[in-house]
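Reviewing the structure listed below.
The values are calculated or read from the model by the stated rules, or taken from the named source; none is laboratory data. As the structure is a computational prediction, the values presented were derived from the model and not from experiment. When we count neighbours, we look across all protein chains shown, and the Cβ atoms used for this are built from the backbone with ideal geometry, even at glycine. Quick note on the areas: whole protein, heavy atoms, side chains included, nothing else; ligands and nucleic acids left out. Shrake-Rupley method; radii C 1.70, N 1.55, O 1.52, S 1.80 Å.
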Amino acid sequence: MDERADLLQGTLDLLILKTLLLGPLHGWGISKRLRELSSDVLDVGQGSLYPALYRLEDKGWIRSEWGVSPEGRRAKFYTLTAAGKKRFAAERSQWRLFAGAVERVLEAT
Amino acid sequence: MSQWMQRIARRIRALLHGDAVDGDVDAEMRIHLEMETEELMRTEGLSAEEARRRALVSFGGVERYKEAHRDARGVRWVEELTQDFRYAIRGLLRAPAFSISAVLVLALGIGASTAVFSAVDAVLLSRLPYPQDDQLVRIYNQSGPSNRWTLSTVDIQALEEQSRTLSAVGALRGKRVAVSYGSAAERLPTGFVTSGFLDALGVRPVRGRTLEARDDAVGAPPVAVVNHRFATEALGGDASAVGRSIMIDGVAHTVVGVLPAGVNDLAGVHAQIWASLQLEPPTRRGPFGLYVIGRLADGATLDAAQRELVGISNRVFPLWSAGFQDSTAHLVPVSLRGDLLRGAGHTLGLLAAAVALVLLIGVANVAGLMLVRATGRSREIVLRTVLGATRGRLVRLLVTDSVVLAVVGAVAGIALGAAALEVLKAIGPEVPRLDEARLDLRAVAFAAAAALFAAISIGAYPVALLLRRDAAPTLRDGDRAVGAGRRSHAVRGAFVVAEFALALPVLAVAALLLNSFVRLQRVDPGFDPERLVSVHVSLPSGLYPNDSGDTSVRDYWARALPLVRAIPGVASAGLGAALPPYDWGDFNNFDLVDRPVPPNTSQHVSPWVGIGDEYFAALGVPLLEGRLFTPGDTGVAPVVLVSRSWAEHYYPDGSAVGRQMISGGCTECPRTTVVGVVGDVKYDGLNGTGDAVYAPVTEGWPLDLNLFVRTSVPPAQVVSRVRAALASVDPGIPLNEVVNMDERVYESIAQPRHMTALLGGFAAAAVVLAAVGIFGMLSYTVSARRREIGVRMALGATGRTVIGMIVRRGMGHAIAGAVLGLVAALVGTRWLASTLFDVDATDPLTLGAVTLLLLVVALVACWLPARGAAGIDPVEAIRAE
C-alpha cells in the first residue's frame, strides 16, 4: 500500500510543481489548472492535494502566504521557491527518463 | 543545512501552535469548498445546496484531511503520545478497582524497597566520613578463631613504638561522666582519647588545636576538644569555648579546640567531649579495655600490618608472661568500616531480601491482573485493528497503560518510602549511621528503576500476546479467542506459582523470627524485674581518688546505703557493677587449680561482677549452695560466688563450692576460693549464657556502681526519695536516670521485636498478594469458562464437581509454588541461623506450619471463585453466548 502511495505522490509532486512554475496559485486554483492542462484526465482528489502541498512546503520547495485572489477572495497562495525549481527540473528529467523507457518497452515488437 | 533548520523551526511552530495551524487549515479548506461550490454552480448550473454537497464529496473527509496534514507536519507522534496517555488514564479511571489495587500494590512495593534501599545506601554503600577511610583499621587482641577483646596499655604503647605499617594509632576509653562548667553540671558521654585517635581519623578542629602527643604524657595539663554542640550550648559559642576550663570527672581540663559542626561520632563512638587520655605506665599486661584504631601507612596493606602485629605481639608476650599466659593471643587489625558495619550487613540484607521478594510478588500480581485486563480488552483491540490501527500503535497503547501505572505507583511509592524510612529509623535495626539515611536523588533513581522494571514486567506479556497473534481475529470471537488461549492460561498460572514460591520464604523467615522471639521473651532473666529499679552512680575520679588506702568511695556508700534502705517502701537495696540483662560490667580470665588449661592456651573467661551486700536479695536471686559474702571477706583470702550455669559448666560432676582458681592470670596472687552457688542471671542478653562469677565489691570499690532498689510499693513512689537520699550525701554528683528493670528487660529484646514486626508485615503483605493473585486467576477462569461450566452442569455435573474442578486447578498452582518456595526457604533460611535463638533455621515444625498456613489461605482464595462457579445457572450461561 505504501509503495503505491509513493508512486502517486511522486507524480503528484511533479504536477504541482509544474503548475506553480507558471505562477503563484491557491489550492483550488492548482486543482483547476491541473484539470484544464490535462483536459480533465487528471482530477486530483483534494484529499491528496493538500497533504501534498504541505509536504512540499515542509520540504521547502514551495512556500505559502495569505493573499487576495483576482476574484477578490482571501486565499492562501503557493509559490515555487528556488529549491522547488531545481527539484522540478530534477523530477522532470527523471520522469522523462522513466516515461521514455516505459514507452520504448511498450513499442517493442 | 539551513533548510533543515527551517524545517525543524516549522515543526516546532506547528507543535506549539497546533490549534492555530489547524485554524489556518480550516480556513483554507473552507475557501476551497466555497470556490468549488461556486464553480459547480457556474459551470453545471447546480443549486447551491447540490453544488456544496458535490464539492464535499469530492473533497473527502475533513478530519482525515487534517490528520494527513498533521502527519505531513511530522508532529503526529507527539500528539499521538499525548493521546495515548490521555487514553490510558481515561481507561484506567474507568476500571477503578483494577487501577487502585495495581497502583497500591506497586506503591507499597516500590515505597518499601526504596526506604530499605535508602537505609542500605546510607549504611552499607557509603564511605566513612574520614579521608582515605579504607586505610583505617580497628585493632583487637585475638586468640582462637572467634575470641576477640580490647587492648591494654602495654599493647597500645608497643604499637606506638614499634609499628611501621601503621602511620598513627590511637586509644579510646568512653564513659558517661560528670561534666561541670560554670555553675552547671551534667552527665555527658565523653571519650578519653590519646592524640593518635584524632590523628588517625584525620579529624581536625575548626577552632583551636587538636590533641597533641605532649598531651598524652602522664602529668601533662589535662586538655579536651569539644564538639560544636557542647561549645554552643554550654560554653557560649566556638570562639569563647577555647581556653575555658571545665571539670571532667572531677578533674579540671582546658578546652583547646572545637570540632566542626556535625561531628558527633568518631569511629562509631558518640561523645560530646574528647579529653586527653593519659595512660599510666603498665605494671602488668592487663587490664584490657582500650578501643584502639590505627591508620595504615601509605602503601602498607592490611596483610603487611597483620604480619607486623603478630611479630610485635610475640616480642611483647615474654615481657609480661607472669600475668598473662596465652601465647596464642596476638594483635589483629581489621577494616574499621567492616568492624563498624558488622551485623548491619546481615540485618539490612535480610530486610532488603524480604522487601525485594515482596516487590517481586507485587509485580507478579499486577502482571497477572494486567493480563486479565488485556484479555478483557481483546474485543476493543480487534475493533481497533479492523478500524485500521497499526500494530505499533496498539503496542504503544498497551505499553502506555503499564507505564502510567508504574509512574503513578512510583510517585506514590516515593511518598510512601519517605514515611517508611522514618518508620525504619524509629523501629528498624540498630545499625550505625541509619539516622543519616535520606530519601535523596539516588533513592529516587532507585524508585525510578524499580518502576521501569515493574512497567516492563507488567506490560511485556500482553504486548507479546498482541504481537504473536498472526491472522487478524474476527470481531465475533474477540471475546474468547484472544487471551483465553492455552498459552496465556499457562502464563497466568506461572505468575501465581511464582507468587507462592516467593511468598513462602518471606513467611518462613517471619515465622522463624517470631518463633525465636517468643522463646526469647520466655527466657527467665534470672531476677525479678517487677518493682525493681536501678540507678547508675559514677563518682568522679578527681574527687574520689580511689587509690590504695583511700576510702572515699567506701565512705560514700557507707553513708548512702543506710539512707536509701531507710526510705519507706524500700524492701532492700544492693550494689552491683553489672546491669542485667545486657551489661556484664567486667570480664575476667581465670584458671581452675584442679583442672588447669593446657600450657600456652587461652584461659577461661567469664563475666566478673562486683557486688555489695543485699545484691541477691534486691534482685531476687536464690542462693543454691554454700554461703553468701560476709563482712569478713575483704580480699586477703579472695572468695567468689558462681552462678549455677558456671558450676554446671566447669564442674558437671560435682560441687563447685570449695574449688580454687587463679584469677586474672595472676600466678603470684593468693588463690580465689568458690564459697557458694547462686541462681543464673543474664548479663549478656537474654539469649546469652548464665555464666557469672561474683566478687565482693569491698575488694576494690569501683567508682561506677549500680544501686538496685527493690520496693514493696510501686517504684514511682520512692524514686524521687532515692535520688534525694543520694544527693544529700554528695550534691555535686549528677545522677543518672532511674531505670525500671522491667522496662530494661523489655528493651533488651527491642531489636528482635522490631525485626519480627517488620518481617511479619512483609510476610502478611506477601501472603495477601499471593492470595489475591490466585483469587484473581480463578475468578477469571470461571468467567472465561462460564459456558463450559454451564454445559457440564447441564450434562449432570454437580456443584461439588465444579467446585472440585476449580479448586484443583488453583491448588495445583499453589502447591507447586509452595514446594518451590519451600526448597528456596530451606536453602535461604540457613543464613538466618546466627540471628535465631533456640530455633533451628530449618526447623521442620515452623516450615511445615507456614506451608500449611499458606495453603489454607490459598484454599480459601480458591474456594470463593469456585463457589461462584457452582452457582452458575446452566441455561443462562449457555444462552448468553
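Other chains near B:29-35: what is the mean number of their Cβ atoms within 10 Å of each residue's Cβ? Can you show the working numbers first?
Numbers: counts 3, 0, 8, 10, 2, 3, 10.
Mean shielding by partner chains, rounded to a whole number: 5.
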**Fill in**
In the protein assembly as shown, taking the dipole from +1 charges on Lys and Arg beta carbons and -1 charges on Asp and Glu beta carbons about the Cα centre, the listed residue (B:832, B:371, B:267) farthest towards the positive end is B:371
**Asked** Once both axes come from the Cα atoms, what is the angle between helix B:62-73 and the longest principal axis of chain B, in degrees from 0 to 90, rounded to 10?
**Response** 50 degrees
**Fill in**
For residue B:253, other-chain or 5+-apart residues with amide H closer than 5 Å (H placed, Pro excluded) are B:246, B:247, B:248
**Message:** Limiting things to C-alpha atoms, what are the Rg and the maximum Cα-Cα separation (Dmax) for the range B:323-467, in angstroms?
**Reply:** 23.9, 96
**Other protein chain Cβ atoms within 10 Å, averaged over every residue that makes up A:23-34** = 2
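Rounded to two decimals, what is Rg over Rh for the protein assembly as shown when you use alpha-carbon atoms and the Kirkwood radius?
Rg/Rh: 1.18.
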**Area of residue B:43 that stays accessible when all protein chains are in place (1.4 Å probe, Å², to 10)** = 90 Å²
**Fill in**
To the nearest 0.05, the calculated FRET efficiency linking residue A:36 and residue B:56 through their beta-carbon distance, R0 being 25 Å, is 0.65
**Message:** Please list, ordered by chain and number, the residues whose modelled amide H lies under 5 Å from the amide H of residue B:634; skip anything fewer than 5 residues away on the same chain.
**Reply:** none
**Prompt:** What spacing in nm lies between the two simple spin-label points modelled at residue B:310 and residue B:566, each 7 Å away from Cα in the Cβ direction?
**Reply:** 6.4 nm
**Message:** Considering only protein heavy atoms and a probe of 1.4 Å, how much of the accessible area of the range A:8-101 is carbon and sulfur, as a whole percent?
**Reply:** 57 percent
**Item:** Relative counts (whole %) of C-alpha pair distances in the range B:343-407, using bins that are 5 Å wide
**Value:** 4, 14, 17, 17, 12, 10, 8, 6, 5, 4, 2, 1, 0
**Asked** Could you give the distance between the Cα centres of the range B:577-619 and the range B:694-759, to the whole Å?
**Response** 21 Å
**log10 of Debye I(q)/I(0), alpha-carbon scatterers only, for the range B:257-370 at 0.20, 0.23 Å⁻¹** = -1.23, -1.29
**Request:** Please give the helix B:96-120 orientation as an angle from the longest Cα principal axis of chain B, in degrees from 0 to 90, rounded to the nearest 10.
**Result:** 30 degrees
**Fill in**
Percent of all Cα-Cα pairs per 10 Å bin for the range B:483-623, counting from 0 up to the last occupied bin, reads 8, 20, 21, 17, 11, 8, 7, 5, 2, 0
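Across the range B:103-212, how large is the tail of the calculated P(r) beyond 18 Å, expressed as a percent of all Cα pairs?
Details: 4214 of 5995 pairs.
I get 70 percent for the Cα pairs in the range B:103-212 exceeding 18 Å.
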**No Cys partner within the rule (Cβ under 4.7 Å), the protein assembly as shown** = B:862
**Item:** Neighbouring partner chain Cβ atoms per residue of B:36-47, average, 10 Å criterion
**Value:** 1
**Request:** Tell me what chain B gives for mean residue ellipticity at 222 nm when only DSSP H runs of n ≥ 4 count, each as -39,500 (n - 2.57), the sum divided by the residue total, rounded to 500 deg cm²/dmol.
**Result:** -17500 deg cm²/dmol
**Fill in**
iface B-A | buried accessible area, total | probe 1.4 Å | Å², round 100 | 2100 Å²
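Sorted by average packing, counted as other Cβ atoms within 10 angstrom per residue and highest first, what order do B:658-666, B:212-220, B:759-767 take?
Working: B:658-666: 18.7, B:212-220: 12.9, B:759-767: 21.6.
Peptide ranking by packing, descending: B:759-767, B:658-666, B:212-220.
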**Vicinal HN-Hα couplings computed from phi for the range B:737-750 (Karplus, 6.51 cos²θ - 1.76 cosθ + 1.60; Hz; Gly/Pro x)** = 4, 7, 9, 7, 5, 5, 5, 5, 5, 4, 5, 5, 10, 5
**residue B:583 long-range amide H proximity, modeled H, under 5 Å** = B:685
**Item:** Convex hull volume of the range B:174-322 per residue (C-alpha atoms, cubic angstrom)
**Value:** 126 Å³
**Request:** Calculate I(q)/I(0) for the range B:787-870 by the Debye formula, one identical point scatterer on each C-alpha and no solvent, and give its log10 at q = 0.12 Å⁻¹ to two decimals.
**Result:** -0.50
**Fill in**
Counting only protein heavy atoms and leaving out ligands, DNA and RNA, the solvent-accessible surface of residue B:747 at a 1.4 Å probe, in Å² to the nearest 10, equals 100 Å²
**Asked** Distance from the Cα centre of the range B:314-393 to that of the range B:178-197, in angstrom?
**Response** 42 Å
**Overall dimensions of chain B by Cα: Rg and Dmax, Å** = 38.6, 139
**Item:** Karplus-derived HN-Hα couplings along the range B:201-207 (A = 6.51, B = -1.76, C = 1.60, θ = phi - 60°), whole Hz, x at Gly and Pro
**Value:** 6, x, 8, 10, x, 7, 9
**Request:** Give, rounded to the nearest 20 debye, the magnitude of the charge dipole that chain B has about its Cα centre when Lys and Arg contribute +1 at Cβ and Asp and Glu contribute -1 at Cβ.
**Result:** 3520 debye
**Message:** Can you give me the solvent accessible area of residue B:813 with a 1.4 Å probe, rounded to the nearest 10 Å²?
**Reply:** 40 Å²
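Using 1/(1 + (r/R0)^6) with R0 = 51 angstrom and r between the beta carbons of residue B:624 and residue B:261, what's the FRET efficiency to the nearest 0.05? Mind showing how you got there, number by number?
Working: r = 56 Å, r/R0 = 1.09.
The value I calculate is 0.40.
Two-decimal Rg/Rh of the range B:217-304 from alpha-carbon positions, Kirkwood Rh? Mind showing how you got there, number by number?
Numbers: Rg = 16.1 Å, Rh = 15.3 Å.
Looking at the range B:217-304, the ratio lands at 1.06.
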**Coordinate range along principal axes, alpha carbons of the range B:582-670, Å, largest first** = 41, 29, 28
**Item:** Simple label model, 7 Å out from Cα along Cβ direction - residue B:284 to residue B:815, nm
**Value:** 6.9 nm
**Request:** Arrange the residues A:65, B:36 by how much accessible surface each exposes, largest first, with a 1.4 angstrom probe.
**Result:** A:65, B:36
**Message:** Using the Kirkwood formula on the Cα atoms of the range B:828-881, what hydrodynamic radius do you get, in angstrom to one decimal?
**Reply:** 14.7 Å
**Request:** Any chance you could run the full-extension gain for residue B:791 through residue B:26? It's 0.36 nm times the residue separation minus the Cα-Cα distance, nm to one decimal.
**Result:** 269.6 nm
